[in-house]
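Each remark here refers to the structure printed beneath this line.
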Amino acid sequence: MGWLWAIIVGFVLGLLAKLIIPGKQHSPLWLTTIFGILGAIVGNSIARAFGVESTRGIDWSRHIFQIVAAVIIVYLGDMLYVATLGKKKTQRT
């Protein structure tokens with residue numbers, strides 16, 4: 001069940017990050033989900049470093065760290081995707 005939640009959270013965080021980032025992102029949905037999963041992991045690590053372990057109820061501060069990390073990872077990952085594997089537009093004459 002843990003992997004299923006990781007995929008769901010990664011999917012949601014990846015989509016939220018794509019909505020926050022201005023402009024169009026070119027990375028496919030599966031890659032955005034992986035970036036979102038990485039954002040959740042990095043966000044949790046940063047939250048722990050700042051002393052946010054677990055709280056009662058909804059842990060908004062941890063979620064904010066996750067979203068910020070996901071935005072950064074999706075942005076950088078999309079740039080890397082376009083630079084290496086993205087489809088190049090050809091000019092027709």
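The values are calculated or read from the model by the stated rules, or taken from the named source; none is laboratory data. Quick caveat: nothing in here was measured; it's all calculated off a predicted structure. Note that we place each Cβ from the backbone using ideal geometry, even for glycine, and neighbour counts take in every protein chain shown. The protein model used for the area step is the full one, side chains on, heavy atoms only, and it has no ligands, DNA or RNA in it. Shrake-Rupley method; radii C 1.70, N 1.55, O 1.52, S 1.80 Å.
Out of all the residues in segment 23-31, is one or more open to solvent by less than 70 Å² (accessible area, probe 1.4 Å), within 11 Å of the chain's Cα centre (by Cα) and more than 17 Å from VAL68 (Cα to Cα)?
Taking segment 23-31 as the starting set, the residues that turn out to be open to solvent by less than 70 Å² (accessible area, probe 1.4 Å) are 23, 25, 27-28, 31.
After this cut, where a residue has to be within 11 Å of the chain's Cα centre (by Cα) as well, the list is 31.
Remaining after also requiring more than 17 Å from VAL68 (Cα to Cα): 31.
Yes, segment 23-31 contains at least one residue that is open to solvent by less than 70 Å² (accessible area, probe 1.4 Å), within 11 Å of the chain's Cα centre (by Cα) and more than 17 Å from VAL68 (Cα to Cα).
Got a number for residues in segment 35-44 being open to solvent by 30 Å² or more (accessible area, probe 1.4 Å), out of contact with any Gly (no Cβ under 7 Å at 6 or more places or on another chain) and either at pLDDT 90 or above or farther than 20 Å from GLY2 by Cα (or both)?
Keep residues of segment 35-44 that are open to solvent by 30 Å² or more (accessible area, probe 1.4 Å), which gives 37-38, 41-42, 44.
The next check asks that each one be out of contact with any Gly (no Cβ under 7 Å at 6 or more places or on another chain); those that pass are 38, 41-42, 44.
Narrowing further to those that are either at pLDDT 90 or above or farther than 20 Å from GLY2 by Cα (or both): 38, 41-42.
The qualifying residues number 3.
Do you know which of the residues in segment 45-79 that are at pLDDT 85 or above and of a type in the set (D, E, K, R) is most open to solvent (accessible area, probe 1.4 Å)? Before the answer, list the steps.
Quick first cut of segment 45-79, residues at pLDDT 85 or above only: 45-50, 61-79.
Then keep just the ones that are of a type in the set (D, E, K, R); that gives 48, 62, 78.
Details: ARG48: 130, ARG62: 67, ASP78: 15 Å².
Checked segment 45-79; the qualifying residue most open to solvent (accessible area, probe 1.4 Å) is ARG48.
Find all pairs meeting these conditions: Cβ atoms under 8 angstrom apart; at least six residues apart or on different chains; first residue within segment 54-65 and hydrophobic (A, V, I, L, M, F, W, C); second residue at pLDDT 85 or above and open to solvent by 100 Å² or more (accessible area, probe 1.4 Å).
From residues that are hydrophobic (A, V, I, L, M, F, W, C), the pairs are PHE65/PHE50.
Quick one: would you say VAL82 is surrounded by 17 or more Cβ atoms within 10 Å (Cβ to Cβ) and either within 15 Å of the chain's Cα centre (by Cα) or assigned to a helix (DSSP H, G or I) (or both)? Before the answer, list the steps.
Values: surrounded by 17 or more Cβ atoms within 10 Å (Cβ to Cβ): no; either within 15 Å of the chain's Cα centre (by Cα) or assigned to a helix (DSSP H, G or I) (or both): yes.
No; evaluated as a whole, the condition is false for this residue.
Go through GLY43, GLY39 for me and flag whichever is in a helix (DSSP H, G or I) and within 17 Å of TYR81 (Cα to Cα). Walk me through how you get there before you give the answer.
Numbers: GLY43 fails: within 17 Å of TYR81 (Cα to Cα).
After applying the criteria, what remains is GLY39.
Quick one: is TRP3 at pLDDT below 90, of a type in the set (A, V, I, L, M, F, W, C) and open to solvent by 90 Å² or more (accessible area, probe 1.4 Å)?
It is true that TRP3 is at pLDDT below 90, of a type in the set (A, V, I, L, M, F, W, C) and open to solvent by 90 Å² or more (accessible area, probe 1.4 Å).
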